[in-house]
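These notes are about the structure you will find just below.
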Amino acid sequence: MDRETGKLRKPYSDYPNHAWYVLGDIAYKKNEIEAAKSFFRRSFDYDRHDVSALMALANCYSMSSQYKY
């Protein structure tokens, strides 16, 4: 991710759903829950059929005691 623009760089921008998911996973493992929520939400927005991204986002909300999307 380009920190200045917030956009994905090549070659990651060719697979945005997966790239955002991986960034979310990294943030989650570093206990950066707010960043993880943002990344997982972006991942899910690219593919509304991605159950893994939705579950990861739900886990983030659970970790932060926020139960509404």
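The values are calculated or read from the model by the stated rules, or taken from the named source; none is laboratory data. Note that the structure is predicted; figures quoted are calculated from it, not measured. Quick reminder, even Gly has a Cβ in these numbers, built from the backbone with ideal geometry, and neighbours come from all protein chains shown. Heavy atoms of the whole protein, side chains included, go into the accessibility calculation; ligands, DNA and RNA do not. Shrake-Rupley method; radii C 1.70, N 1.55, O 1.52, S 1.80 Å.
Values as computed for the structure displayed
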| item | result |
| --- | --- |
| Residue that is modelled with the highest pLDDT, among those in segment 60-69 that are more than 15 Å from residue 25 (Cβ to Cβ) and open to solvent by 70 Å² or more (accessible area, probe 1.4 Å) | 65 |
| Residues (outside any helix (DSSP H, G or I) and open to solvent by 50 Å² or more (accessible area, probe 1.4 Å)) located in segment 17-59 | 30, 31, 32, 47, 48, 49 |
| Unmet criterion (only one of (1) open to solvent by 50 Å² or more (accessible area, probe 1.4 Å); (2) in a helix (DSSP H, G or I)) for residue 7 | (2) |
| Pairs, first closer than 11 Å to residue 18 by Cβ in segment 34-48, second open to solvent by 50 Å² or more (accessible area, probe 1.4 Å), C-beta under 7 Å, six or more apart | 43/21 |
| Restricting segment 1-54 to residues that are farther than 23 Å from residue 65 by Cα and basic (Lys, Arg), the residue that is modelled with the highest pLDDT | 48 |
